[in-house]
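Engineer: Sharing a structure, written as structure tokens. Questions coming.
Readers should treat all values here as calculations from the given coordinates under stated rules, not as data from a laboratory. Computed from a predicted structure; not experimentally measured. Here Cβ is always computed from backbone atoms with ideal geometry, including for glycine, and neighbour counts include all displayed protein chains.
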Amino acid sequence: MIKIVLSGCCGKMGKMITECSKQFNNLEIVAGIDKFPTEIGYPVFKSADEMNVEYDVLLDFSRADALEGLLNLTEKTKKPFVICSTGFSEQQLDLINEKSKSLPLFKSANMSLGINLINSLLKKVAPMLYGNYDIEIIEKHHNQKVDAPSGTAVLLADTIKNSLKDETKYVYGRVGNCKREQNEIGIHAIRGGSIVGDHDVIFAGTGEVIELTHKAISREVFAIGALKACEYMGSITQPGLYDMNDVIGLD
């Protein structure tokens, strides 16, 4: 049995993960960490410093500002840490990369199979289309999401950028006199209602438009992905920065 401590357990995603964990015979959430603890069926601590339950994997689906405390806990226990939060600063991303040299860390901006398949496909498609097609990314989320653009949109944009030989630049939204340049990758964020998460990668050419689209219908898809990551990381002892490609066997 893999014992999980869930950071962000009392939020929407945390509650979904708790519910979905019942589908896994080899996983058990033994404790949670949340600034605003509520009754959820296992002990909940207000901070990582207070958490004193033995565990096998730490899973975070909270906010970026919890990172340092959770990394401190991971350094203390040497247990795998699955990072599913988004909105990290450049300094925080550098910190994750640095800590992965001595700790088993997992990080993914999106836990769904579909997004990771699209991301893998972009590595092959973008170099074929760039130059003859303008590239734009549109992401849509509910009105409570705090970071923009989404971590997934940045993931997709970075994959495209890194697959190209030419230098490209990100343009976040457009206003006023801003004729498009060929080397731009446009990134646009929409916030409204209860949209779980939509992502469109658009390759707009002359006479045709190619779109890769992913729509999350339920948060369950992210919860299941996060729990599968915990399954995978439960057997990992070597330091490194792992991601969903490792879990689902993509290149």
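Engineer: Can you compute the charge dipole magnitude of the chain about its Cα centre, using +1 on each Lys and Arg Cβ and -1 on each Asp and Glu Cβ, nothing else charged? Give it in debye, rounded to the nearest 20.
Structural biologist: Around 220 debye, computed over the chain.
Engineer: Still on this model: Specify whether the C-alpha gyration tensor of the chain places it in the rounded, prolate or oblate class, a ≥ b ≥ c being the square roots of the eigenvalues: rounded for a/c under 1.5, otherwise prolate if a/b is larger than b/c and oblate if not. It would help to have the intermediate numbers written out before the result.
Structural biologist: Values: a/c = 2.05, a/b = 1.84, b/c = 1.11.
It comes out prolate by the Cα gyration axes.
Engineer: Full extension from Ser102 to Ser235: what is 0.36 nm times the residue separation minus their Cα-Cα distance, to one decimal in nm?
Structural biologist: Working: separation 133, 0.36 × 133 = 47.88 nm, distance 1.63 nm.
That works out to 46.3 nm of additional length.
Engineer: Is there a quick way to get the dipole size of the stretch 99-233? I mean about its Cα centre, with the Cβ of Lys and Arg at +1 and of Asp and Glu at -1; what is the value in debye to the nearest 20? Don't jump to the answer; show the numbers that get you there.
Structural biologist: On the way: 17 positive and 15 negative charges, 90 e Å.
Its charge dipole is roughly 440 debye.
Engineer: Within the stretch 182-216, find all residues whose amide N lies under 12 Å from a label point positioned 7 Å from the Cα of Ala148 along Cα-to-beta-carbon.
Structural biologist: Only 188-193 pass the distance filter.
Engineer: Moving on to the next point. Name the residue farthest towards the positive end of the dipole of the chain from the options Ala126, Met111, Gly193, assuming +1 on Cβ of Lys and Arg, -1 on Cβ of Asp and Glu, about the Cα centre.
Structural biologist: The Cα lying farthest towards the positive end belongs to Gly193.
Engineer: Quick one: work out the % antiparallel among DSSP beta bridges in the stretch 119-241, nearest 5.
Structural biologist: Approximately 55 percent, going by the DSSP bridge assignments.
Engineer: Something else now. Pick from Gly176, Gly11, Gly192: which is most flexible by mean-square fluctuation in a GNM of the chain where alpha carbon atoms under 10 Å apart are linked?
Structural biologist: Gly176
Engineer: What do you get for Rg/Rh of the stretch 118-172 when both radii come from the Cα atoms and Rh is the Kirkwood radius? Write down the numbers at each step before the final one.
Structural biologist: On the way: Rg = 12.2 Å, Rh = 12.2 Å.
Over the Cα atoms of the stretch 118-172, Rg/Rh equals 1.00.
Engineer: Tell me, what is the percent relative contact order of the chain, built from C-alpha pairs under 8 Å that lie six or more residues apart?
Structural biologist: Value for the chain: 22 percent.
Engineer: Out of residues 5 or more away from Ile2 or on other chains, whose amide H comes under 5 Å of its own, with H placed 1.01 Å from N in the peptide plane?
Structural biologist: For Ile2, the qualifying residues are Leu27, Glu28.
Engineer: To continue, here is another question. Run the quick spin-label model on Ile217 and Asp198: label points 7 Å from Cα toward the beta carbon, then report their separation in nm to one decimal.
Structural biologist: Distance between the two pseudo-spin positions: 1.5 nm.
Engineer: Can you find, among Leu71, Gln23, Cys9, the residue sitting farthest towards the positive end of the charge dipole of the stretch 9-84, where Lys and Arg contribute +1 and Asp and Glu -1 at Cβ?
Structural biologist: With unit charges placed on the Cβ atoms, the residue in question is Gln23.
Engineer: Out of all DSSP beta bridges with both ends in the chain, state the antiparallel percent to the nearest 5.
Structural biologist: 30
Engineer: As a check on your grasp of the helix formula, calculate [θ] at 222 nm for the chain: sum -39500 (n - 2.57) over DSSP H runs of n ≥ 4, divide by the residue count, round to the nearest 500.
Structural biologist: Rounded to the nearest 500, it is -9500 deg cm²/dmol.
Engineer: Mind checking which of Thr152, Thr168, Thr206 has the largest fluctuation in a GNM of the chain, springs on alpha carbons under 10 Å?
Structural biologist: Comparing Thr152, Thr168, Thr206 in a Gaussian network model of the chain, the most mobile one is Thr206.
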